[in-house]
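Rule-based calculations on the coordinates, nothing more; no lab input. Please read all numbers here as calculations on a predicted model, not as lab measurements. Positions of Cβ are generated from backbone atoms using ideal geometry, with glycine treated the same way; all protein chains shown enter the neighbour counts.
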Amino acid sequence: MQQHWTASRGFQLFLLVLGFALSLWMITTFRLHSDQGQILEKVQKLLNTGVWTHYGNRGTGTGNIPGSFLTAMAAGPMALWYSPYAAMFVIICTQLLCALLFFFPVKKIFGPGAATLFLILFWLSPWRNEQVELYNPAYLFLFSGLHFFSALRLREKKSFFYSLLHVVALGFCLQVHFSVLILLFCSLFLWIFKMVKINWWGVLSGALLVALSLLPYFLSLSSAGAHGVAVDTQHGFIPGRNLVLVYPILKAVIYWVRYGSFYFARHIFTTIHFDWISFEGLRAVVSFVFHLVKWPIAIGTLLFSLVIQWKFLKQVFGEKPLRSKNTAARWELSEKDWIFHYAFYLFLGMLASSALSPVEFNHWHLILCLPTSALLVSVGLGKWLELHPKKIWLIPVIVLYFVMYNSFAALGSKMHDASNSYQQQVLEAYPKVRRTFW
């Protein structure tokens, strides 16, 4: 994309501030539910009694995952200010860090125009903004960013620090959600196809840090035993069940494409309502127009995302370094081509983890892929705008559409209500503690 006001630093900073403001609004209207309660109970237990909970939220069809990291990330901010907003503010900051870990490489490699589009399609996207609630998948974007950034650095040279960081990102992601398998498979493919230069001392050091962080979890298992991972066949937990089914794999592909489109999760797509509008006639008109308009936009952007994703992922098959036995040829890939390879291996990792999944998955199980999917669409849209410079007006239109959509979702949807005070709801359910663990 040609240098334009849309690629200026001022506009990029405006997008960052705008996205942060939309997230701050989003967290105020949440409705308290059980997933959030799992974390809040651990926080209150720690702040009331000083007793750590070293297991995280319960996985679908299994027991609780390791969770010392998750407890610390939520309880630490709430020890300073006993409010769910303190913990959710940290969540927004981790997602901002993810956005920046993608933004700066994209800006360097593809230019400021593509970087601006990435900020819009990821940072402003309702896909990302609906993930600011106090539950474990909300922290996953942090590990998406660390995984991508450290792998990109390992493309250049064997680095002790980035090898350690890469392993630590994987290990701590395990303490948040089982979808870490996506990143594990991606790392495995990057290593097998010689796309990264590993410093094994860094790997061993990172593995040691991860093992030490998991030690409290395993000690708690030996003492209590009731909170470990356990198979629950009564609720459909069948290891590897998706290997013999077709739809789950297709569903994963659809989600990858949807992440780059405006066909958002059902929580904020099919369930948006306008009960906050007091005038019945106006409410009916606004609701009709909105739901009428959102479908062609969703389908159009879905098709655009499909074309872009297919173009870039197919491109990887045609490159000789993928098939070459010459390791040097693979390491000589340009940064642009390397990123397409990274996206391809992440895509394969998503398919592999989806196939091995023992349960039916949903959009938050694959949300680690959102930044990379948005990156590919940003690059593709940037190239398209270079060919059609008069279509630059689409950028402010997309920004306005996202602002409107995020606002409507915050005012009335499955998880949000304009008349609700999330702060008050939480404090009523979990009264203020008398002491902290400091």
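For the reader, a short list of remarks on this structure follows.
- Take every pair of alpha-carbon atoms less than 8 Å apart whose residues are at least six positions apart; their mean separation over the length of the chain yields a relative contact order of 28 percent.
- For region 323-432, trypsin sites (Lys or Arg not before Pro) are listed when DSSP marks them as loop and at most 10 other Cβ atoms sit within 10 Å of their Cβ; the list is K325, K432.
- Residues H273 and L394, FRET efficiency given R0 of 30 Å [Cβ-Cβ distance, rounded to 0.05]: 0.60
- Axial C-alpha extent at least 24 Å, average Kyte-Doolittle at least -1.0 - helices from the chain (DSSP): 9-28, 84-110, 140-156, 200-223, 280-317, 335-356, 370-387, 394-411
- Each label point was placed 7 Å from the Cα along the Cα-to-Cβ direction; for H291 and E428 their separation is 2.9 nm.
- The length gained on full extension between S407 and Q315, counted as 0.36 nm times the residue separation minus their Cα-Cα distance, comes to 29.4 nm.
- Summed residue charge, Cβ within 15 Å of F122's Cβ, Lys/Arg positive, Asp/Glu negative: +2
- Under the simplified labelling scheme, the L97-W384 pair shows an inter-label distance of 3.4 nm, with each label point 7 Å from Cα along Cα→Cβ.
- Neighbours of N420, meaning other residues whose beta-carbon lies under 14 angstrom from its beta-carbon, give a summed charge of -2 when Lys and Arg score +1 and Asp and Glu score -1.
- Nonlocal amide H pairs with N57, under 5 Å, H built at 1.01 Å: I65
- By other beta-carbon atoms within 10 Å, ranking Y82, Y259, Y247, Y217 with the fewest at the front produces Y247, Y82, Y217, Y259.
- Kirkwood-Stokes translational diffusion coefficient of the chain, alpha-carbon pairs, 4 °C, 1.567 mPa s, µm²/s: 57
- When each of K251/K414; K42/K107; K108/K311 is checked by Cα-Cα distance, pairs over 31 Å: K42/K107
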